[in-house]
């Protein structure tokens, strides 16, 4: 990636208290009527609340993402969990969004969010480096996107992550993200209200170049948890629609 394409503020991974202001625009109302969530494939989502569109983890179409459409959507803010091609391909994004890829505490037009460092593999980050988990509140909803987490959540990380209203979590395994059992364990630690699985095998995969498993492998482990399946790639979440106990929402990609 070209240096000018990224805004990276090294805010000391886990314990930073410095807020980096990314814009001088007038703040938006952070307690608006909820947030629209659109799944663009793999770990990529477009979150819309108020007048801010946030794109998380745009990807290059290859391997497990080969048959998805490139997520070339307009956004005000783009967050990436790593510079791997399945969650950090920003070179073809339209417009001139703010791009953030490093852990830290940020303020963008009144939207406060935080990047928290985890390992992107099960070897202390020695193979795939570090992953950035994104914690943000939009439309009064606390959201946590785990990106490509592959290591157990530490006590310090749990404190920083808090209890999310909506948790985006990888479930398909491989060397660089949670498998189904690891995802279940992370959900038990975080106790989210709504779980949206990510990073699993779909018909978008190149059969010869994809080593992740389908979402049903994860769902089969989640006995006793209510599972919602949608025919759409989008949903709107507000405080009134959140369940009291953990539920799983599976979105559908429109090929």
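The values are calculated or read from the model by the stated rules, or taken from the named source; none is laboratory data. A quick note: this is a predicted structure, and the numbers were derived from the prediction, not measured. All Cβ positions, even for glycine, are placed from backbone atoms using ideal geometry, and neighbour counts span all protein chains on display.
Can you say whether residue 158 is out of contact with any strand residue (DSSP E or B) (no Cβ under 9 Å at 6 or more places or on another chain) and closer than 21 Å to residue 101 by Cα, as far as the supplied structure shows?
Yes: the conditions hold for residue 158.
Residues checked against (1) touching a helix residue (DSSP H, G or I) at 6+ places or on another chain (Cβ under 9 Å); (2) in contact (Cβ under 8 Å) with a residue 60 or more places away in the chain; (3) at positive phi:
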site: 189; (1), (2), (3): yes, no, no
site: 212; (1), (2), (3): yes, yes, no
site: 227; (1), (2), (3): yes, no, no
site: 235; (1), (2), (3): yes, yes, no
site: 244; (1), (2), (3): no, no, no
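Taking segment 169-198 as the range and being within 10 Å of residue 150 (Cβ to Cβ) and either outside any helix (DSSP H, G or I) or modelled with pLDDT under 95 (or both) as the test, the residues that pass are 170, 173, 174, 175, 176, 177, 178, 179. Applying the criterion of being assigned to a strand (DSSP E or B) and modelled with pLDDT of 95 or more to the residues of segment 140-168, the residue that is farthest from residue 213 (Cα to Cα) is 142. Go through segment 68-85 and give me each residue that's at pLDDT below 90 and either touching a helix residue (DSSP H, G or I) at 6+ places or on another chain (Cβ under 6 Å) or surrounded by fewer than 19 Cβ atoms within 10 Å (Cβ to Cβ) (or both). If the condition is that a residue be at pLDDT below 90 and either touching a helix residue (DSSP H, G or I) at 6+ places or on another chain (Cβ under 6 Å) or surrounded by fewer than 19 Cβ atoms within 10 Å (Cβ to Cβ) (or both), then 83, 85 are the ones that fit.
Give me the pairs, please: first residue somewhere in segment 170-184 and in contact (Cβ under 8 Å) with a residue 24 or more places away in the chain and at positive phi, second residue anywhere and surrounded by fewer than 24 Cβ atoms within 10 Å (Cβ to Cβ) and assigned to a loop (DSSP other than H, G, I, E, B), beta-carbon distance under 7 Å, and either six or more positions apart or on two chains. Correct list of pairs: 173/179; 173/212; 173/213; 174/211; 174/212. Annotation: residue 207 fulfils all but one of (1) surrounded by fewer than 20 Cβ atoms within 10 Å (Cβ to Cβ); (2) touching a residue at least 40 places away in the same chain (Cβ under 8 Å); the unmet one is (2). Counting only residues that are surrounded by 12 or more Cβ atoms within 10 Å (Cβ to Cβ) and within 27 Å of residue 48 (Cα to Cα), segment 220-236 holds 7 of them.
If we scan segment 87-106, do we find a residue that is at pLDDT 85 or above, closer than 23 Å to residue 174 by Cβ and outside any strand (DSSP E or B)? Yes, because at least one residue in segment 87-106 is at pLDDT 85 or above, closer than 23 Å to residue 174 by Cβ and outside any strand (DSSP E or B). Taking the listed residues 40, 55, the one that is within 30 Å of residue 159 (Cβ to Cβ), within 16 Å of the chain's Cα centre (by Cα) and at pLDDT 95 or above is 55, with no other qualifying.
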